[in-house]
């Protein structure tokens with residue numbers, strides 16, 4: 001295999017690398033696939049590097065190396081395995097700005113957003129270091145002289161398929177905990193943002209992770225399907241669109257794999273008249289526009305209950321003051337820009353009120369970048385496409401109603417179920433909303449209600465497929481298998497049914 005010997009020193013950014021390598025058996029390996037895609041800087045449209053669309057055979061090479069390495073890694077005591085992640089945390093902190101620059105270049109996030117995503121990833125690394133306190137088995141004397149014991153074991157080789165919008169953070173939801181549980185991990189990153197996955201391999205190498213325990217195989221649908229089908233891959237964590245999440249779940253479970261596939265969203269924020277105007281407006285705007293709206297936890301529909309014009313005015317003013325290129329970055333691609341612009345254009349033609357048109361707010365940006373400013377579509381019916389589809393951009397659709405009960409009915413009719421939030425000063429309204437919202441993650445005056453460890457990330461309804469968790473406390477059971485042992489060592493005790 002042709003390899004690159006660039007593990008010796010960290011080298012962030014791929015502008016000096018014409019073709020991005022896979023990571024197989026601890027080595028940077030250039031793919032022999034004839035198929036490649038250009039990785040573009042969303043801010044300029046310029047090519048950063050080329051990513052290979054690897055073959056099934058190259059995935060198989062990575063799996064074989066992982067199987068071999070995992071046999072020894074799985075025997076290492078958990079307290080020794082987590083030492084890698086104590087070191088990894090230090091490396092992330094030492095190279096935070098360089099890593100943020102990689103994310104900024106390949107994804108388009110602002111540097112502050114990139115650093116924030118890394119801070120969240122570091123929390124996941126920290127959680128993995130606590131595994132010795134979380135993974136202990138159970139022992140119980142269930143009858144005189146009879147003992148039952150639960151012992152946890154690694155699954156073997158597991159995989160993650162991750163999206164473009166958080167190229168380092170989402171892998172860190174899975175990689176540290178899955179590896180600390182004793183597994184070998186194969187990552188298929190988004191072909192639009194594949195650089196961070198390779199940089200992670202360098203940090204893991206420096207942290208002391210044995211070769212073959214973390215692998216990267218770049219690719220497209222062919223590699224996703226091969227991961228779903230591969231008999232040596234025992235579990236899959238997926239984050240992406242609901243359409244693909246459903247397909248990954250169906251194909252993987254048909255191959256008798258564990259799978260937790262997290263999909264898309266259409267998150268509803270409900271604002272009622274007693275909400276704090278400044279806090280609500282600032283929080284709503286941050287939820288809509290953060291990461292250019294490219295996150296599955298972003299506010300997408302604002303359900304305005306009764307007379308909340310004072311709050312909506314503040315929302316409009318704050319969104320209008322946001323400057324693309326300074327306050328928010330570009331969206332990921334030309335195709336994404338055209339899709340988002342299409343929703344705005346059709347909403348305007350359909351009679352909805354276009355309060356703010358982000359298409360006209362890009363004068364300070366590179367003409368070759370994929371920029372669009374924040375947009376507001378008002379007076380849309382709940383059935384309007386802008387109120388139903390996941391636009392995945394800085395677009396807020398306002399739906400109006402008279403009562404909180406009506407607002408809840410609108411939210412409940414949404415087929416997704418990732419997140420929902422209410423802005424209110426009433427504990428009674430907050431409690432009612434918490435009980436009735438059809439979403440797995442709920443916010444009270446918090447527009448991006450991402451839970452922190454040990455609470456798992458994950459929604460309901462069409463926002464998730466499969467059981468178990470890939471983050472938090474529940475992920476330990478997902479990334480491990482348990483064995484129950486019943487033992488009797490003495491025949492001197494009175495007999496019962498267990499004898």
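The values are calculated or read from the model by the stated rules, or taken from the named source; none is laboratory data. Quick caveat: nothing in here was measured; it's all calculated off a predicted structure. We place every Cβ from the backbone using ideal geometry, glycine too, and count neighbours over all the protein chains shown.
Scanning segment 221-243 for residues that are within 25 Å of residue 31 (Cα to Cα) and under 18 Å from the mean Cα position of the chain (by Cα) yields 224, 235, 236, 237, 238, 239, 240.
Per the listing 351, 369, 358, the residue uniquely over 27 Å from residue 422 (Cβ atoms) and within 29 Å of the chain's Cα centre (by Cα) is 369.
Please verify whether segment 461-470 includes one or more residues that are surrounded by fewer than 20 Cβ atoms within 10 Å (Cβ to Cβ) and at pLDDT 95 or above. Scanning segment 461-470, I find at least one residue that is surrounded by fewer than 20 Cβ atoms within 10 Å (Cβ to Cβ) and at pLDDT 95 or above, so the answer is yes. Those residues that are crowded, with 23+ Cβ neighbours inside 10 Å and touching a residue at least 60 places away in the same chain (Cβ under 8 Å), I need them from segment 253-263; list them, please. Hits for segment 253-263 are 259, 260, 261, 262, 263. Looking for something touching a helix residue (DSSP H, G or I) at 6+ places or on another chain (Cβ under 6 Å), in contact (Cβ under 8 Å) with a residue 60 or more places away in the chain, assigned to a strand (DSSP E or B) and closer than 29 Å to residue 228 by Cβ - is there at least one such residue anywhere in segment 144-157? Yes.
Entry remark, segment 169-196: residues being crowded, with 24+ Cβ neighbours inside 10 Å and either more than 14 Å from the chain's Cα centre (by Cα) or touching a residue at least 60 places away in the same chain (Cβ under 8 Å) (or both) number 18 in total. Which residue out of 210, 167 is farther than 24 Å from residue 242 by Cβ, in a loop (DSSP other than H, G, I, E, B), touching a helix residue (DSSP H, G or I) at 6+ places or on another chain (Cβ under 9 Å) and at pLDDT 95 or above? Result of the check over 210, 167: 210.
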